[in-house]
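> Below are the C-alpha cells for one structure; questions will follow.
The values are calculated or read from the model by the stated rules, or taken from the named source; none is laboratory data. All values derive from a computational prediction rather than experimental measurement. In this analysis, Cβ positions are derived from the backbone assuming ideal geometry, glycine residues included, and neighbour counts consider all displayed protein chains.
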Amino acid sequence: MIETFILLLLAHVVGDFVLQSGWMVRDKHRPQVLAAHVGVILACSIVATGSLSPALFLLALAHAGIDAIKTGFRLNGLGWFLADQAAHVATLALAALIWPEIWANGLWMQVLAPGTAAWVPVVALHLAGILIATRAGGFVIGTLLAPYLDETPELTEGSLPAAGHMIGLLERGLTYVLVALGQPVGVAVLIAAKSVLRFSTVSGDRRVADYVIIGTMASIGWAVLTAVAVLALGAAVRP
C-alpha cells in the first residue's frame with residue numbers, strides 16, 4: 001500500500017509542480033485547459049506505477065473535480081492552496097488503501113530485478129520530497145510573502161532577474177538534503193551563511209530585513225518539515 005501511495009504521490013507532484021505551466025494555472029477555469037492538465041496527471045500516474053489500472057482513471061477524475069471546485073469558486077490564497085493539496089493527497093491515500101496492488105501488479109515490478117524494484121519507491125519518495133521542498137515550497141513562500149512585496153519594492157532594485165527565486169530553490173533544496181542525510185547542523189550553517197551575505201543589504205532597512213527573515217525562516221522551515229515527513233514515511237519502505 002505504501003509503495004503505491006508513494007508512486008502516486010510522485011506522479012501528482014510532477015504533474016502539479018513540474019509539468020503544469022503558468023498558462024495552465026491561469027487558464028484552468030477553461031474546460032480544455034483543465035482536461036489537458038488532468039491528462040498530464042493521468043499520464044504521470046501511468047508512467048510512475050507502470051499500470052493501466054482503472055483506479056488511475058478514477059483518480060484523474062477526482063483530481064479534475066478538486067481543481068474544478070478550486071478554480072470555479074476562485075479559492076485563492078495560501079490556505080486554499082494547502083487545502084487543495086491536502087484533498088489531492090487524501091485521494092491518493094484512499095486509492096492506495098483501496099487498490100494497494102497497483103504498484104505490485106504494474107509493469108516495473110514485472111520487468112525490473114527484485115533488488116532494483118525494491119529501491120524504486122525509496123528513490124521516488126525522495127524525488128517527490130525534494131520537489132515538494134523546492135517547487136511546491138516556492139509557491140507556498142511566494143504566496144506567504146506576496147502581501148509584503150508592495151511594501152518592499154527596493155528588494156528587486158539592482159538584483160539579478162529571478163535571483164530571489166533561484167536562491168529560494170537552492171536554500172530549500174540544500175536544507176532538504178542536509179536533513180535527509182542526518183546533518184541538521186548544516187542547516188544552521190546555511191542560515192548563518194545567508195545572514196552574513198545578506199547583512200550589508202538589509203541592515204539599513206527594517207522592512208527589508210523583516211521580509212528576508214520571514215522568507216528565510218518559512219523557506220527553511222518548509223524544507224525541514226518536508227524532509228522529516230519523508231524520513232518518517234521512508235522508514236516503512238526500506239528495501
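> Determine whether the stretch 10-23 contains at least one residue that is crowded, with 23+ Cβ neighbours inside 10 Å and over 17 Å from Leu127 (Cα atoms).
no
> Here is a follow-up. Could you go through the stretch 68-83 and let me know if any residue there is of a type in the set (Lys, Arg) and without any contact (Cβ under 8 Å) to a residue 40 or more places away in the chain.
The answer is yes; a qualifying residue exists.
> Here is a list: Leu155, Leu144, Leu149. Which entry is at pLDDT 90 or above and either in the same structural domain as Leu82 (by TED's automatic domain parsing) or under 20 Å from Val208 (Cα atoms) (or both)?
Leu144
> Right, here's the next one. For the stretch 82-123, how many residues are more than 20 Å from Gly39 (Cα to Cα) and not in a helix (DSSP H, G or I)?
5
> Kindly establish whether Glu101 is surrounded by fewer than 18 Cβ atoms within 10 Å (Cβ to Cβ), in contact (Cβ under 8 Å) with a residue 60 or more places away in the chain and among the acidic types (Asp, Glu).
yes
> Further, regarding this structure: Within the stretch 56-81, which residues are over 30 Å from Met109 (Cα atoms), assigned to a helix (DSSP H, G or I) and aliphatic (A, V, I, L, M)? Even if it seems obvious, please write down each step before you answer.
So in the stretch 56-81, the residues over 30 Å from Met109 (Cα atoms) come out as 65-81.
Now narrow it down to the ones that are assigned to a helix (DSSP H, G or I): 65-72, 78-81.
Within the stretch 56-81, Ile66, Ala68, Ile69, Leu78 qualify.
> Going through the stretch 64-82 one residue at a time, which ones are surrounded by 12 or more Cβ atoms within 10 Å (Cβ to Cβ) and either basic (Lys, Arg) or touching a Gly at 6+ places or on another chain (Cβ under 6 Å) (or both)?
The one that is surrounded by 12 or more Cβ atoms within 10 Å (Cβ to Cβ) and either basic (Lys, Arg) or touching a Gly at 6+ places or on another chain (Cβ under 6 Å) (or both): Lys70.
> Of all residues in the stretch 1-55, which are in contact (Cβ under 8 Å) with a residue 40 or more places away in the chain, outside any loop (DSSP other than H, G, I, E, B) and of a type in the set (Ser, Thr, Tyr)? First the steps, then the outcome.
Of all residues in the stretch 1-55, those in contact (Cβ under 8 Å) with a residue 40 or more places away in the chain come to 1-10, 12-14, 16-18, 28-29, 48-51, 53, 55.
If we keep only those that are outside any loop (DSSP other than H, G, I, E, B) too, we end up with 2-10, 12-14, 16-17, 48-49, 55.
Listed by number, the residues that qualify are Thr4, Thr49.
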